[in-house]
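Down below is the structure, laid out as structure tokens.
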Amino acid sequence: MAVREIFTGMPWWVKWIAVPVIAIVVFGGLIASVIGFVIGLLFKVLIFVILVGGLVFVVRKFMSSSSRGDW
């Protein structure tokens, strides 16, 4: 039996309110943990980019301040 046939005789509120609410209740923890993981990963990538950019800036500033190329 296809899903479309199951929902054909149901009222509109079952399709558009009850089913999404049940899905959120059942999968809410999973959805929240996936969103939390993605946000945490993006934050770590942002911190990495900032640290590498800062390191490159400091190294270039140090290299340009030494007018002679020797150590």
Subject >> Per residue solvent-accessible surface (Å²) - region 1-55, probe of 1.4 Å >> reply: 90
Original post:
Gain in length, PHE48 to ALA2, computed as 0.36 nm per residue apart minus the alpha-carbon separation, to one decimal in nm?
Top reply: 11.7 nm
Subject >> Residue-averaged 222 nm ellipticity for the chain, from DSSP H runs of 4+ at -39500 (n - 2.57), nearest 500 >> reply: -26500 deg cm²/dmol
Original post:
Dividing the alpha-carbon Rg of region 7-58 by 2.2 N^0.38 Å yields what?
Top reply: 2.10
**OP:** Summarise the accessible area of the chain (1.4 Å probe, protein heavy atoms) by the percent that is carbon and sulfur.
**Re:** 79
**OP:** Find which of SER33, VAL59, ILE47 sits farthest along the positive direction of the dipole of the chain, computed with +1 on the beta-carbon of Lys and Arg, -1 on that of Asp and Glu, about the Cα centre.
**Re:** VAL59
Original post:
How far is helix 19-65 tilted off the main Cα axis of the chain, in degrees rounded to 10, range 0 to 90?
Top reply: 10
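The values are calculated or read from the model by the stated rules, or taken from the named source; none is laboratory data. Keep in mind that what you see is a predicted model, and the values were worked out from it rather than measured. Heads up, the Cβs are rebuilt from the backbone with ideal geometry, glycines too, and the neighbour counts pull from every protein chain shown. The protein model used for the area step is the full one, side chains on, heavy atoms only, and it has no ligands, DNA or RNA in it. Shrake-Rupley method; radii C 1.70, N 1.55, O 1.52, S 1.80 Å.
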